[in-house]
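Enquirer: Before I ask anything, let me first share the structure, which is written out below as structure tokens.
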Amino acid sequence: MIKKTVVLLLFLGLTNQLCSQEIQITYTANDKPLSQVFRDLERDYDVYFAFSPAQIKGKKASIQAANKDLTDFLAELLRPLKLVHELIEKKFISVKTPESVYLRAQVFDGETGETLPFATARLKDSYLGGVSDADGRFKLFIDEPLDATLEFSFLGYDPQDLDLNSYESGRELKITLQPEATTLQQVVIKEYVNSGIASDEKASSFKILPQEMEVLPGLSERDVLLSAQIIAGINSNDETASGLNIRGSSRDNTFIYWNDIPMYQSAHYFGNISSFIPASIGEVNIYKNYVPVKYGGSSAGLLSMESRMKLDSASEFEGSINMTHADVYAKLPFKGDYGGIMIAARRSYNDLFATPTFKAISDKLFEGTLTQDIQQNPDSKPFSYNSHINFSDLNLSWHYEPDTRNTWKFSFLRSGSVLDYSSTFDTDNIVQTHDISNLGMNLKWEHRISEDFATQLSTSFTNFSLDYRLFNERTEDDLEDDDILIRNNTLRNFEIRSTNDWKIDNRRFLRFGYQLNHYDVVNNTQQISLFEEDDEEALEAVGFVHALFGEYNWDITDRLELILGARLNQYGPLEDISLDHQVRLNYQLTDHLVFKSAYGQYNQFLSAVKESDFNFSNTIEQQWVLADDDDFIPLITNKQLSLGFLYNKNGWLVDLDLYRKVTDGLISLNLGFTHGEGGGFDAGSEELNGLDLTVLKRWSNFRVWSSYNFQDSEVYMPELTDIVFPSSLNTKHQLQVSSSYTSGAFEFSLGYTFKTGLPWTLETDPQLVTRIIELEEEEEEEETTETITFYESTYGPLNGQRLRNYHRVDASVWYKFGAKINRKWSGEIGLSLINLLNHSNVNNRTFEKIEIVEDAAPILESRDRILLGFTPNLSIRIRF
């Protein structure tokens, strides 16, 4: 097998003005390294060499020359080493093996004629290649070009192939790439952070392409939810994959779709590992400045994923294993001409074998709470525990195009996780089980009626189930003193969406349609307690949601763009009609500077209620609920205005967004407060002003970027306090500084994250208080009073304190091997080091009343939730 190696030119100097006269060389070398000879000649004779380091490695030269012509000198120098030279531009000299090719090319936009900086050239079916400079120029060595094909590509453009058998070494080529258009509504995609994290031309929406993505800090594989957090304004306060806080919002305010299937469980290990198999994902569309009108019910942002599928006759297989799970992927033709099928499956194995990565996650889940006693006595442990936890995923997609106008797609997804946990604390034996499953399917038909009109019909069903049980066994043989807590949460969503796309002309585009949802949400809670009365509660909300939506895109001029959108919702359970509306206006100020703006109002009728306290797995549970009453679970409404600028030129990218959000329908329980008269369901609103800033500089193989996010939050809950206070999710300042470097088959990345600490509320030791309460006698209908005494805490200003600042350094290395030449295998190895310096970061502080002596005043003990410590991970992926 012929091995083809492509190596970027190594420039040892800058090209000077051409010299017309012949250079005479006087030089002596005796068994000197060839690289040193080149450096001597560059220093003394103002010439410049380019070569493949692999071709001259270990070669030594001997020569003695006096006033010898440069051409003759080089021929005598290189002949014994079986090398030749080419004089490219008088003083610019390439040195190579006789059979290798020196290629020069420049890449252009086929429509505008502008150069495409940092385009990619790779040998077909290989990872070997290089990246152009800021002017779109390539200078490459191809060691053995026989039967080789070089592919030129740039994000958002159709690739172009070059047959190297017909290429004349040294000749400069002009490569033109045409922008790709995949739908009637053409959206031009530009590289943002790297070739796998892109944006539209205005950086109003973003796209992750996992299979094209380059290395990011802290990732050993292409986890799409963790990758999204590299974008300014998208972060996770609790370091989880699923806990996406878009611009200070709660995680349940951002909806996720996979192949148009609504997802209500997006991560395993209590949010730490994404539920989406990286090998099965083709692209992820991310919206933070606005939510597309075709998707309703999300108030903060949206992620829409599409599975990886290319319709051809080829079969592809992949297998991967890291330090928490293993997965397989296959793409196969389906019954000859009936399209293609993609199937991917994954399962964790840490219930059989515990790795350092799993140990770090387990420490966060089960040992990540520091009480005052542990902080004062670090060697003490409050309890011992055993846990068995596993998860599994199955993704399936069928894609069929019977003709050029019709496409059928069927998708199926199942994900589930199971936890069995037990611990011992003094005489108490605690057993906890936790079972989550999410099943979904979708059938979609796409029909292109004409070249300017297309329609799409999508039908989805999702079934989410959470079964949580906790048993506190005080006495082994006595069941009467046990504490039992059982929670069940099920959510069924049947969805039909009809979408129509009409390209009116080259400047105007209209999208309109109808969506129907039927929700069935059940919440059951059963609590049996030794010290309190037993309690059982069952809540069920069922209802239809109808929506009409439309979006009008108008390119008023070549530089001015206007988008108007509206969504009319009829929400059955509240018998309410609401209007979501949005306006986006973008203006191209110069060829490299864009002004962008967006305003929208978004209503959310499905949300999650969080627990008021941690369970024994050190996580806060959340249960899905439907808005059913303004005094209990209100409708969430978010009004958001965003203004910004995008600058992109010569490898520099600067993206700035200023925004203001006003959110109504918050409840105090979701902010961690239960001491109000509403028992955690006191309503409130939030005003938030923020800033997202991304600055990136790129060279051919090296990138440095920084993102900064500022948020000033004011929450108003009149039932709790008359004073505004910051949200419990408010990270006032967040700074990320990251870099990546590519060298041959290696990719390196290093990143640092700083955050200001989250707010918390000071609670004082309980004091004995006496109160008179009114009682109503049911039989005599007479009001009587009763005097009661109890211990009650007092609170400082709500969220008036902040935790210590957050610091984390992450690093990653990816290595690609094999070339997939002649349909052989290839693969990659990824190593990630999360929290490299093992800094102790705190995510939450709460207080717990501890009774020391019966009938005496309890003491108050603080509980700090600690995030991930040093966490290594190693991933290996093989492709066939």
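The values are calculated or read from the model by the stated rules, or taken from the named source; none is laboratory data. Values in this document were obtained by computation on a predicted structure and should not be read as measured data. Glycine gets a Cβ as well: all are built from the backbone with ideal geometry, and neighbour counts include every protein chain shown. The area values use the complete protein model at the heavy-atom level, side chains included, leaving out ligands, DNA and RNA. Shrake-Rupley method; radii C 1.70, N 1.55, O 1.52, S 1.80 Å.
Enquirer: Mind checking whether some residue in region 637-651 is over 24 Å from P292 (Cα atoms) and β-branched (V, I, T)?
Expert: no
Enquirer: Residues being of a type in the set (D, E, K, R), part of a strand (DSSP E or B), open to solvent by 40 Å² or more (accessible area, probe 1.4 Å) and over 30 Å from N586 (Cα atoms): count how many of those fall in region 518-571.
Expert: Summing the residues that are of a type in the set (D, E, K, R), part of a strand (DSSP E or B), open to solvent by 40 Å² or more (accessible area, probe 1.4 Å) and over 30 Å from N586 (Cα atoms) in region 518-571 gives 4.
Enquirer: If you don't mind, another one. Please verify whether region 455-472 includes one or more residues that are open to solvent by 40 Å² or more (accessible area, probe 1.4 Å), among the basic types (K, R), at pLDDT 90 or above and in contact with a strand residue (DSSP E or B) (Cβ under 7 Å, 6 or more places away or on another chain). Give the steps one after another, and end with the answer.
Expert: Here is the first cut: in region 455-472, the residues open to solvent by 40 Å² or more (accessible area, probe 1.4 Å) are 457, 459, 461, 463, 467, 469, 471.
Subset that is among the basic types (K, R): 469.
Cutting the leftovers down to at pLDDT 90 or above gives us none.
Within region 455-472 (the criterion being open to solvent by 40 Å² or more (accessible area, probe 1.4 Å), among the basic types (K, R), at pLDDT 90 or above and in contact with a strand residue (DSSP E or B) (Cβ under 7 Å, 6 or more places away or on another chain)), the answer is no, since none of the residues qualifies.
Enquirer: Being outside any loop (DSSP other than H, G, I, E, B), at pLDDT 90 or above and buried (at least 21 other Cβ atoms within 10 Å of the Cβ): is that true of V284 here? Walk me through how you get there before you give the answer.
Expert: On the way: outside any loop (DSSP other than H, G, I, E, B): yes; at pLDDT 90 or above: yes; buried (at least 21 other Cβ atoms within 10 Å of the Cβ): yes.
Answer is yes for this residue.
Enquirer: I would also like to ask the following. Taking only pairs six or more apart or across chains, which ones have beta-carbon atoms under 6 Å, a first residue in region 55-80 that is closer than 15 Å to D40 by Cβ, and a second residue that is surrounded by fewer than 13 Cβ atoms within 10 Å (Cβ to Cβ)?
Expert: K60/D31; S62/N30; S62/D31; Q64/T28
Enquirer: Exactly one condition in (1) within 30 Å of A811 (Cβ to Cβ); (2) modelled with pLDDT of 95 or more is false for N701; which is it?
Expert: Single failed check for N701: (2).
Enquirer: So which helices (runs of 4 or more DSSP H) are wholly in region 32-120 and hold at least 3 residues that are surrounded by fewer than 18 Cβ atoms within 10 Å (Cβ to Cβ)?
Expert: Values: elements: 34-45, 53-56, 70-78.
It comes to 34-45, 70-78.
Enquirer: Next question, about the same structure. Output the residue which, of all residues in region 841-858 that are of a type outside the set (F, W, Y) and either surrounded by 15 or more Cβ atoms within 10 Å (Cβ to Cβ) or within 23 Å of the chain's Cα centre (by Cα) (or both), is modelled with the highest pLDDT. Even if it seems obvious, please write down each step before you answer.
Expert: Step one: list which residues in region 841-858 are of a type outside the set (F, W, Y), which gives 841-846, 848-858.
Those still in the list that are either surrounded by 15 or more Cβ atoms within 10 Å (Cβ to Cβ) or within 23 Å of the chain's Cα centre (by Cα) (or both) too: 841-846, 848, 858.
Working: N841: 93, V842: 90, N843: 87, N844: 84, R845: 85, T846: 81, E848: 74, P858: 73.
Of everything passing the filter in region 841-858, N841 is modelled with the highest pLDDT.
Enquirer: May I ask you to list the residues in region 728-758 that are surrounded by fewer than 20 Cβ atoms within 10 Å (Cβ to Cβ), assigned to a loop (DSSP other than H, G, I, E, B) and under 25 Å from the mean Cα position of the chain (by Cα)?
Expert: Selection gives K732, A745, T756, G757.
Enquirer: Checking F725 against (1) more than 24 Å from the chain's Cα centre (by Cα); (2) more than 30 Å from F673 (Cα to Cα), which test does it fail?
Expert: (2)
Enquirer: Sticking with this one: In region 297-317, which residues are in contact with an Asp or Glu (Cβ under 8 Å, 6 or more places away or on another chain) and open to solvent by 10 Å² or more (accessible area, probe 1.4 Å)?
Expert: The answer is E306, L311.
Enquirer: Kindly state which strands (runs of 3 or more DSSP E) lie completely within region 141-218 and contain at least 1 residues that are open to solvent by 20 Å² or more (accessible area, probe 1.4 Å), modelled with pLDDT of 80 or more and over 30 Å from T694 (Cβ atoms). Before the answer, list the steps.
Expert: Numbers: elements: 149-153, 160-163, 172-177, 189-194, 197-200, 205-208.
Once the strands (runs of 3 or more DSSP E) in region 141-218 are filtered for at least 1 residues that are open to solvent by 20 Å² or more (accessible area, probe 1.4 Å), modelled with pLDDT of 80 or more and over 30 Å from T694 (Cβ atoms), what remains is 149-153, 160-163, 172-177.
Enquirer: Kindly provide the set of residues from region 378-403 that are under 26 Å from N272 (Cα atoms) and either at pLDDT 90 or above or touching a Pro at 6+ places or on another chain (Cβ under 8 Å) (or both), ordered by number.
Expert: F391, S392, D393, L394, N395, L396, S397, listed by residue number.
Enquirer: A further question follows. Look through region 573-591, keep the residues that are open to solvent by 80 Å² or more (accessible area, probe 1.4 Å) and within 14 Å of F544 (Cβ to Cβ), and return whichever of them is nearest to the chain's Cα centre (by Cα).
Expert: Among them, the one singled out is I577.
Enquirer: Would you confirm whether any residue within region 615-637 is among the small types (G, A, S), at pLDDT 80 or above and open to solvent by 10 Å² or more (accessible area, probe 1.4 Å)?
Expert: Our first condition is that a residue be among the small types (G, A, S); within region 615-637, this holds for 617, 627.
Remaining after also requiring at pLDDT 80 or above: 627.
So of that shortlist, the ones also open to solvent by 10 Å² or more (accessible area, probe 1.4 Å) come out as none.
No, the conditions are met nowhere in region 615-637.
Enquirer: For region 806-820, what are the residues that are among the hydrophobic types (A, V, I, L, M, F, W, C), surrounded by fewer than 19 Cβ atoms within 10 Å (Cβ to Cβ) and either at pLDDT below 90 or in contact with a Cys (Cβ under 9 Å, 6 or more places away or on another chain) (or both)?
Expert: Hit for region 806-820 is F817, nothing else.
Enquirer: Across region 492-509, what is the total count of residues that are open to solvent by less than 20 Å² (accessible area, probe 1.4 Å) and modelled with pLDDT under 95? Please lay out each step first, then the result.
Expert: The first filter runs over region 492-509 and keeps only residues open to solvent by less than 20 Å² (accessible area, probe 1.4 Å), leaving 493, 495, 497, 499, 509.
Next, only the ones that are modelled with pLDDT under 95 stay: 509.
Summing the residues that are open to solvent by less than 20 Å² (accessible area, probe 1.4 Å) and modelled with pLDDT under 95 in region 492-509 gives 1.
Enquirer: Being under 21 Å from I343 (Cα atoms), acidic (D, E) and open to solvent by 60 Å² or more (accessible area, probe 1.4 Å) is the filter here, so list the residues in region 388-416 that pass it.
Expert: Matches in region 388-416: E401 only.
Enquirer: Tell me which residues, restricted to region 759-773, are open to solvent by 50 Å² or more (accessible area, probe 1.4 Å), of a type in the set (S, T, N, Q) and either free of Cβ contacts under 8 Å to residues at least 60 places away in the same chain or in a loop (DSSP other than H, G, I, E, B) (or both). Give the derivation first.
Expert: Taking region 759-773 and keeping what is open to solvent by 50 Å² or more (accessible area, probe 1.4 Å), we get 762, 764-765, 767-768, 770-773.
Now drop any that are not of a type in the set (S, T, N, Q), which leaves 764, 767, 770.
Across region 759-773, the qualifying residues are T764, T770.
Enquirer: Could you list, in sequence order, all residues of region 220-240 that are under 11 Å from the mean Cα position of the chain (by Cα) and of a type outside the set (G, A, S)?
Expert: Within region 220-240, R222, D223, V224, L225, L226, Q229, I230, I231, I234, N235, T240 meet the criteria.
Enquirer: Here's something else I'd like to know. Could you tell me whether L419 is surrounded by fewer than 19 Cβ atoms within 10 Å (Cβ to Cβ) and either closer than 23 Å to N463 by Cβ or modelled with pLDDT of 90 or more (or both)?
Expert: On the way: surrounded by fewer than 19 Cβ atoms within 10 Å (Cβ to Cβ): no; either closer than 23 Å to N463 by Cβ or modelled with pLDDT of 90 or more (or both): yes.
Taking the combined requirement at face value, the residue does not satisfy it.
Enquirer: Just to check your reading of the model, which residue among A54, A65 is within 18 Å of Y102 (Cα to Cα) and at pLDDT 50 or above?
Expert: Details: A65 fails: within 18 Å of Y102 (Cα to Cα).
Of the residues listed, the single one that is within 18 Å of Y102 (Cα to Cα) and at pLDDT 50 or above is A54.
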